[in-house]
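The values are calculated or read from the model by the stated rules, or taken from the named source; none is laboratory data. Keep in mind that this is a model prediction, so the values were computed, not measured. Virtual Cβ from ideal backbone geometry, glycine too; neighbours counted across all protein chains shown. Side chains included, ligands, DNA and RNA excluded: accessible areas come from the protein's heavy atoms. Shrake-Rupley method; radii C 1.70, N 1.55, O 1.52, S 1.80 Å.
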Amino acid sequence: MAMRPKRDAHIENIVSTSNNTATRDLVIPQRGTLPRVVVAMLGARRHYAVPRLLQEAGHLERFFTDGYIGNKLWLETMLNIFPVTKSPALIQRLLGRKEDAIPAKKVTSFDWLGLWYARALRSATQAGSLEDIYREGARRFAENIRKHGLGDGNVLWGCNCASLELFEYAKRCGIHCILDQISNPKPLEQELAEEEYARWHDWVPCGERCIRKSTLEAREREEWRLADMVVAGSPFVERGLIECGVPSHKIRVTPSGVDLRRFAPAARATFDGARPLRVLFVGRVSIMKGVPYLLQALNKLGPKLVQAQFVGGVHLNREKLIAFSSVANFAGHLPRHSLLEEYQWADVFCFPSITEGSADVTYEALACGLPVVTTPNSGSIVHDGVDGFIVPIRDPDALAETIGRYASDRKLLAQHEAATLQLRERAGLDRYQADLISVIWEIFGSVSCRNHISGEFR
């Protein structure tokens, strides 16, 4: 019988801590009403992980969303006529708007709203007009849900800045409300954005240069007040919420998760130092993701040491990127099914974001066996020095030094790769589901929760 590889003592401690959370002590009563959760979600947040996991646990009452193809088999069949490689980007994105684990009969999609929302966002030219669209989209979404009704739901799950009208309606119906704080609070996001725009003003396309006080702040604060519980994806977001006045007893830190079957390690070319280290970035290529700092770091290291791939829509002036062409390639937006190939190509994943909720791409990279270099503001579950490194925001020198360590120390790279494999269950949906159910039972008043999960990743 093959022996399991011996784990490093530090990794054993992390695994032990991960297995000793409140979710393992979950006590569900044998009698009484069970939670029936209505999930309201504009867009494909976390690729529909929340409604999927609640459905698998037997707690999903209804899933409301905008554009969705999973409940339209006839349309999906028609669109699949196009070969994947020749399908327009819009069709590829639409085909990704589904989750097979959620029964179509439990999904109510307001597709005309989705079409309006997508067209409005594409035509918006100013930050202020974008917020007007977010607010109007949320209002129309809530109105459609109100007309449909919440059925037998007794818990409503909604996302920040899109749930105010829904929560007001739910409260009148006597329904518990959980707010999923998917981003840093608006006032703090705004502060960081103003600082970045001051640093990189000429890197930003003209249509995206308008910076003004967020009109969504008051809306978000009212959602916090109405919510029975606020779910934060990371300690970074938790600290922001407390700084903005949200009572700590309302907050639960619940890191995200990804499908470990979809994002899995695969055979890749071992880095032997004979070629440049392959560095991958996935996300919006913008100043708020820390891209200019990463580009400076890559240029400092040079093309003999590193070669980077940037996957995601480019929101920077193209002429600014020319100076980095020897170390960086910009692939643009790729469909979700193509991401696995990018993770398999890379040696290291780098995500130096200025502000996030809990960036899913860091979970995907870890699940694929990639060491991750990121910032504390990305909301990741990286353990510094174990399965990656956490560097300060806005620090190209620290980025260059850290990436350079991987390029020059193959043993370190191999150690961190091995750690990602031993710890990958932390990035998975099973752990995320257990945490979600724990939160829902706690708010429902029928669960004994000792030692909440929020301590796990501090």
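Amide H of V258 versus every other amide H placed in the peptide plane: which residues, excluding those fewer than 5 positions away on the same chain, fall under 5 Å?
HN-HN under 5 Å from V258: G428, L429.
List the aspartates and glutamates whose Cα sits under 14 Å from the Cα of K411, skipping any in the same chain fewer than 8 residues away.
List returned: D272, D347, D387.
Which entries of K105/K289; K186/K289; K105/K147; K98/K320 show an alpha-carbon separation above 28 angstrom in the structure shown?
On the way: K105/K289 38 Å; K186/K289 16 Å; K105/K147 18 Å; K98/K320 37 Å.
Over 28 Å apart, Cα to Cα: K105/K289; K98/K320.
Can you find, among F263, I242, V230, the residue sitting farthest towards the positive end of the charge dipole of segment 194-269, where Lys and Arg contribute +1 and Asp and Glu -1 at Cβ?
About the Cα centre, the residue reaching furthest to the positive side is F263.
Test of understanding: what is the full-extension gain from E401 to K147, defined as 0.36 nm times their sequence separation minus their Cα-Cα distance?
On the way: separation 254, 0.36 × 254 = 91.44 nm, distance 5.63 nm.
Result for the pair: 85.8 nm of gain on full extension.
Name the aspartates and glutamates eligible as straight-distance cross-link partners of K300: C-alpha to C-alpha under 16 Å, and not fewer than 8 places from it in the same chain.
Once the sequence-local aspartates and glutamates are set aside, what remains near K300 is D395, D397, E401.
Is segment 134-256 best put as rounded, prolate or oblate by its Cα gyration tensor, with a ≥ b ≥ c the root eigenvalues, rounded for a/c under 1.5, and otherwise prolate when a/b is larger than b/c, oblate when not? Spell out each step's value before the answer.
Working: a/c = 2.71, a/b = 1.56, b/c = 1.74.
Oblate, since a/c reaches 1.5 and b/c is not below a/b.
I'd like the accessible area for H333, computed on protein heavy atoms only with a 1.4 Å probe and all protein chains in place. Round to 10 Å², please.
About 110 Å², rounded to the nearest 10.
In nm, to one decimal, how far is the modelled label at E222 from the one at S408, with both set 7 Å along Cα→Cβ?
A separation of 5.6 nm, rounded to one decimal place.
Taking amide H atoms as placed 1.01 Å from N in the peptide plane, list the residues 5 or more away in sequence, or in a different chain, whose amide H sits under 5 Å from that of C159.
D180
Spelling out what I want: for every residue of segment 164-174, take phi, set θ = phi - 60°, compute 6.51 cos²θ - 1.76 cosθ + 1.60 (Karplus), and round to whole Hz; glycine and proline get x.
4, 5, 5, 5, 4, 5, 4, 4, 5, 8, x
Which distance in nm do the two modelled labels at H249 and R284 give, with both placed 7 Å along the Cα-to-Cβ direction?
Placing both labels 7 Å beyond Cα along the Cβ direction yields 3.6 nm.
Tell me which residues come under 5 Å, amide H to amide H, from A308 once H is placed; ignore anything under 5 positions away on its chain.
Long-range HN contacts for A308: V279, A328, N329.
So, in nm, how far is label E195 from label I322 when the simple model puts each one 7 Å beyond its Cα toward the Cβ?
According to this spin-label approximation, the distance is 3.2 nm.
Give me the number: length gained by fully extending E136 to I242, i.e. 0.36 nm times residue separation minus the C-alpha to C-alpha distance, one decimal in nm. Before the final figure, lay out the partial values.
Working: separation 106, 0.36 × 106 = 38.16 nm, distance 2.78 nm.
Going from the current span to full extension adds 35.4 nm.
Taking 45 Å as R0, compute the FRET efficiency from the Cβ-Cβ separation of W345 and T33 and round it to 0.05. It would help to have the intermediate numbers written out before the result.
Numbers: r = 50 Å, r/R0 = 1.11.
In this case the efficiency is close to 0.35.
Round to the nearest 0.05 the FRET efficiency obtained for A274 and D384 when R0 = 35 Å and r is the Cβ-Cβ distance. All intermediate terms of the calculation are to be shown ahead of the outcome.
Details: r = 29 Å, r/R0 = 0.83.
My answer for the efficiency is 0.75.
Work out from phi, with θ = phi - 60° and the Karplus expression 6.51 cos²θ - 1.76 cosθ + 1.60, the ³J(HN,Hα) of each residue of segment 364-370, listed in order in whole Hz, and give x for Gly and Pro.
Per-residue couplings from phi come out as 4, 5, 4, 4, 8, x, 9 Hz.
Using θ = phi - 60° and the Karplus form 6.51 cos²θ - 1.76 cosθ + 1.60, what ³J(HN,Hα) does each residue of segment 59-67 get, whole Hz, x for Gly and Pro?
Couplings: 10, 7, 8, 7, 10, 9, 8, 9, x Hz.
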